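Where a number appears in this text, it was derived from the coordinates with a stated rule and is not lab data. Remember, it's a predicted structure, so these values are computed and weren't measured experimentally. A quick note on method: Cβ atoms are made from the backbone with ideal geometry, for glycine too, and the neighbour counts reach across all protein chains shown.
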Amino acid sequence: MKVLVTGSAGHLGEALVRTLRANGIDAVGIDIVASPFTDHIGSIAQKDFVKGCFEGVTAVLHAATLHKPHVVTHSFQDFIDTNITGTLNLLSAAVEFGVASFVFTSTTSVFGDALIPPAGSPAAWIDESVVPIPKNIYGVTKAAAEDLCQLFHRKHGLPVVVLRTSRFFPEEDDQRRMRESYADDNLKVIEYLYRRVDLEDAVSAHLAAVEKAGRIGFGKYIISATTPFSVSDLGRLRTDAPAVVEELFPRYVQLFGSRGWKMIPQIDRIYVNTKARTELGWEPHYDFGRMLDRLSAGESIRSPMAVLVGSKGYHAEQFEDGPYPV
């Protein structure tokens, strides 16, 4: 097997290349940025460059993208070139070279306005049945790329799996209000309740998708830590999240309190990974309970892979409102 990994200088791309090579698999990385995990430097928006990277490739892990933090600093055309044209070039080359499986890294951001229920409504239960309502160019271009993936499966029989990943970046929160109100680790641990996945688990989901793509044909899956909540919790999560969490994890109160941490007052959406666990055979290891175990043991909340990859950042400069100009 020879696997082409796009975005190999990024968080997920580096972790994918590291894991594949550690498992004895030939992994070829491409990115616009040089790195120890990048074999070909260039833009996926350039068709000839992409084709030149496909010799002998049997599987593609397409993680390269412009992200939400780039919305203000990059033009709509930049997003279209990278997220749509780049994906089109990769899909076309995959068909031409007879690739056996194609995994596209999408994002839960495609759900957009579907994530925030009206005031007074229960928290949103976000599974694959929810219809996306993208709210910015990032979400629009990722949703369009997902549609391209489905088109290439339908027209050419290319086995494609789309993974809508939740947050796995180690950087600070993109909202100034949250950065000022909560310690960074405090926020990240809370997010394992409803919208975060560890980098190591994101990698294992991609490897499971490569393995199952041929059998699945085409599928979309939410990749997030397993939530402890059920549909019956949604009403109270919107009004009194600390009480719901305390019922499920009484020990969190002491663990948070000893660090000066606090629970967020309400949770507005829950990402549900049931379909990915069932159909991909994916078994994420990191969730809120595991985080509490690690806190109790004095361990890092980050997996060994997340620590190894570290923080990449999205911009070389700082902005008036913090690390993100959004």
- Message: Could you tell me what a quarter of the Cα convex hull surface of segment 188-314 works out to, in nm² with one decimal place?
- Response: 9.2 nm²
- Query: Which order do Tyr271, Tyr286 fall in if you start with the one that has the fewest other Cβ atoms within 10 Å?
  - Reply: Tyr286, Tyr271
- Item | Per-residue [θ]222 nm for the chain (sum of -39500 (n - 2.57) over DSSP H runs n ≥ 4, rounded to 500) | -11000 deg cm²/dmol
- Where does each of Thr108, Thr19, Thr65 land when they are ranked from fewest to most other beta-carbon atoms within 10 angstrom? Thr19, Thr108, Thr65
- Between Ser311 and Leu248, with labels modelled 7 Å along Cα→Cβ, what's the label distance in nm to one decimal, could you check? 2.9 nm
- Message: Under the rule of at least 5 residues apart or a separate chain, name every residue whose amide H is placed under 5 Å from the amide H of Thr165.
- Response: Ser106, Thr107, Thr108, Ile223
- Distance in nm between Ala100 and Glu211 label points, each 7 Å along Cα→Cβ, equals 1.4 nm
- Note on the structure: Counted neighbours (other Cβ, 10 Å), sorted fewest up, put Asp185, Asp198 in the order Asp185, Asp198
- Note on the structure: Rounded to the nearest 5, the percent of antiparallel DSSP beta bridges in segment 1-159 equals 0 percent
- Task: Evaluate the relative contact order of the chain (contact order divided by residue number), counting alpha-carbon pairs under 8 angstrom at least 6 apart; express in whole percent.
- Result: 19 percent
- Query: Over its Cα atoms, what ratio of radius of gyration to 2.2 N^0.38 Å does the chain give?
  - Reply: 0.98
- Message: Using alpha carbons only, how many angstrom separate the centre of segment 232-296 from the centre of segment 138-180?
- Response: 23 Å
- Between Gln175 and Ser43, what FRET efficiency follows from the Cβ-Cβ distance if R0 is 25 Å, with the result rounded to 0.05? 0.25
